[in-house]
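Have a look at the structure below before the remarks.
The values are calculated or read from the model by the stated rules, or taken from the named source; none is laboratory data. Note that the structure is predicted; figures quoted are calculated from it, not measured. Virtual Cβ from ideal backbone geometry, glycine too; neighbours counted across all protein chains shown. The protein model used for the area step is the full one, side chains on, heavy atoms only, and it has no ligands, DNA or RNA in it. Shrake-Rupley method; radii C 1.70, N 1.55, O 1.52, S 1.80 Å.
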Amino acid sequence: MTQFNEFSSGIELASYVTSSGLLCRSWNTISSSSIASNEGQRLSWKVHKEEDADLKIIVFETTSQVKLDLVSSLKLKNQNFLHFEFLCTRKNPEFQLNKDAYHLFYENLQSLDELKSHLQITSSTRLIVTGQGLGGSVAILFTLSLLDIFTTGKNRPLCITFGSPLIGDMNLQKAMSRSTTWNSCFLQVVSHKDPLLRMFVGPHATQYMPFGTFLFCSDESSTCFENPESISVVLKAMASIQGENQGFQSSDYGNIVEKLYQKSIYKDLLARGVDMTGCSTLQASIILQLSALGLTPQMQQQKQYNIDINNLVRTIEILEKKYNHQKRTIFDPTKKLNVMKVDMVQLEWYKKDSRNQNIGYYDRYKNMLSTNKFSTSDQDVVNFHKNLTNYWEKMVETAELKPQKEGAAFRTRWLFAGTNYRRMVEPLEIANYYYSNEGYKKSRKSYFETRSKHYKQLEEWLKEGTAAASNSNSTGTRNVESILTFDSCFWAHVEEAFISCKVVKDVKVDVQLKEKAKKKLLEFEDYVYGLLKNYEVSSDIFLRDSSYMTWWNEYEKIDGAVSYSKLGRFMSNANNYNVKYVKGTYNFN
């Protein structure tokens, strides 16, 4: 097993950010001139363009105060505010935003929409959205509203805030972290002396959760964190430092940014005099990061604050290991795609081989389970079934967690493969449910009550897909020997029809239950005839010993069951289903 030397690269990332000049440009634009505002308007902004760099900087400014109150995205949706609805997913349908920041954004919605429409971002244009304090929070919301428009890596905006309050809850953070690019659009600069952030890490602000990259700054150095849990821990540690925020002004960010830029140019960012004997690379890098903020064991020994630095290092180390593991184990469907294609080809072969033996692959698999006699090829199919199911369960979960637009594109891209998988593999799942020792024999519930969620979701993908995609398995009326039955639950309906037949024929069952079972059988007849009429059933179901034919033979014995039904007329002559159906010449009208 590969061993990883874990390392937190926050110092290096901070050096890169501070030396880029983007922080200086952003802050200089904030402080260079006052922003004109209309009387009574609580929010103002300006657009600054640097011609030589093809760079636009939008600055937001407000004198309003911020509180901790949150507002739900569901409430906003009910008010017909849909600007952030694209962030919601099926598994994460709701998040919360800071109420004051949202109200500032909403009060100026029409003007901000006009600003978006006039940005004229080209492939070479760089856009920075910035602000300080609550103005930075509005900058975050404006940038969020841009993400649904500017999606490419070249022109996506960069939001840089200075001492801005946290903007949302854990669900918002989850929504941002699911996108491969969105989280990287946000850089939040925080001084260890800034008192504003402290109100968002106290006992009354437990719902708030950061996202994006945080650049933490001391008077002498800086470091970056990207893990939201580590960011929260550092914010709390900074907030607990006593007496450190005296006299801090928002304008001090200008001095901090300039000083960090100069230090980054001279490569003078490493902590001095810190003992790292016996530390792992991860521990050492965390100690360096905390030292950049003045959080050192030496300072603790001098009783300048009441934080246990060693415990803080251990806490962040655990969180960073967890974060790094999550990044390494993110499911990537393309990595195993070729293996899954091979497994599907093997199942296609199993289906054809079964037909050559005059038995459908569903019944062959079912017989194997009921007799508990496994050939080598049968055992291989069990493994293919397991591998494919594990893969598609993770695939569906990944798609359901993606933001709406990205998730829709993802589902469309994988629709054909997902539909074929469902139609090929779910019959095996049904056989396993009704004929293994677990499942129906144990619970006496129908398959539909226990059906796996990922099959339901794949079916929903198909319903939501385009007309062309939804007909991905449609091969006309002359290829029913080779198609997969469209309804992947067909065999579950057959098994339930078997059970209904037994109920009708059981002399011990009361009349009411018999009538209910007869009604189900009539509904099943209509269901089968509908599939046949549209040529959506594989002709394998008409093989002599198939479960369907076995059911039909039992059903025919029930008095008056098939005398006048359309399915009865169709099934009355073997030529109808063995020849005419296969050739597409049977008249279903």
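Quick notes
- Scanning region 523-543 for residues that are loosely packed, with under 14 Cβ neighbours inside 10 Å and within 22 Å of Ile499 (Cβ to Cβ) returns Glu523, Asp526.
- Residue that is nearest to Val381 (Cα to Cα) [pool: residues in region 439-463 that are polar (S, T, N, Q) and either open to solvent by less than 40 Å² (accessible area, probe 1.4 Å) or not in a helix (DSSP H, G or I) (or both)]: Ser452
- Test for Ile149: is it open to solvent by less than 30 Å² (accessible area, probe 1.4 Å) and of a type in the set (Val, Ile, Thr): no
- Taking region 244-259 as the range and being at pLDDT 85 or above and surrounded by 14 or more Cβ atoms within 10 Å (Cβ to Cβ) as the test, the residues that pass are Tyr253, Gly254, Ile256, Val257, Glu258, Lys259.
- Scanning region 558-568 for residues that are modelled with pLDDT of 85 or more and open to solvent by 80 Å² or more (accessible area, probe 1.4 Å) turns up just one, Lys566.
- Qualifying residue in region 298-306 (condition: at pLDDT 80 or above and open to solvent by less than 40 Å² (accessible area, probe 1.4 Å)): no
- Checked against (1) at pLDDT 80 or above; (2) more than 28 Å from the chain's Cα centre (by Cα); (3) surrounded by fewer than 17 Cβ atoms within 10 Å (Cβ to Cβ), Ser436 passes all but condition (1).
- Contact map, region 350-364: first residue within 13 Å of Tyr548 (Cβ to Cβ), second residue assigned to a loop (DSSP other than H, G, I, E, B) and open to solvent by 30 Å² or more (accessible area, probe 1.4 Å), Cβ cut-off under 8 Å, separation 6 or more or different chains; pairs are Ile359/Asp545; Asp363/Asp545.
- Residue selected from region 219-243 under the condition touching a strand residue (DSSP E or B) at 6+ places or on another chain (Cβ under 9 Å) and over 23 Å from Cys185 (Cα atoms), by the criterion surrounded by the most Cβ atoms within 10 Å (Cβ to Cβ): Met238
- Single condition Phe216 does not satisfy, out of (1) open to solvent by 30 Å² or more (accessible area, probe 1.4 Å); (2) modelled with pLDDT of 90 or more; (3) touching a Leu at 6+ places or on another chain (Cβ under 6 Å); (4) not polar (S, T, N, Q): (1)
- Asn587 meets each of the listed conditions (1) under 21 Å from Ser500 (Cα atoms); (2) without any contact (Cβ under 8 Å) to a residue 24 or more places away in the chain; (3) not aromatic (Phe, Trp, Tyr) apart from (1).
- Residue match in region 464-479 (condition: open to solvent by less than 40 Å² (accessible area, probe 1.4 Å) and at pLDDT 85 or above): no
- Applying the condition of being of a type in the set (A, V, I, L, M, F, W, C) and modelled with pLDDT of 85 or more to region 42-54 and asking which residue is nearest to Leu23 (Cα to Cα) yields Val47.
Residue-by-condition table, conditions (1) touching a Lys or Arg at 6+ places or on another chain (Cβ under 6 Å); (2) of a type in the set (A, V, I, L, M, F, W, C); (3) in a loop (DSSP other than H, G, I, E, B):
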position: Leu522; (1), (2), (3): no, yes, no
position: Arg544; (1), (2), (3): no, no, yes
position: Asn553; (1), (2), (3): no, no, no
position: Asp559; (1), (2), (3): no, no, yes
position: Phe570; (1), (2), (3): no, yes, no
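- Within the option set Leu166, Leu172, being outside the structural domain of Thr398 (by the TED database), under 18 Å from the mean Cα position of the chain (by Cα) and at pLDDT 90 or above holds for one residue only, Leu172.
- Test for Leu187: is it modelled with pLDDT of 85 or more, open to solvent by less than 10 Å² (accessible area, probe 1.4 Å) and either part of a loop (DSSP other than H, G, I, E, B) or not polar (S, T, N, Q) (or both): no
- Residue check for Ser547: among the polar types (S, T, N, Q) and in contact (Cβ under 8 Å) with a residue 40 or more places away in the chain: yes
- Exclusive hit being open to solvent by 70 Å² or more (accessible area, probe 1.4 Å) and modelled with pLDDT under 75, set Lys341, Lys352, Lys335: Lys335
- Residue in region 82-103 that is modelled with the lowest pLDDT, counting only those that are over 11 Å from Lys174 (Cα atoms) and of a type in the set (Lys, Arg): Arg90
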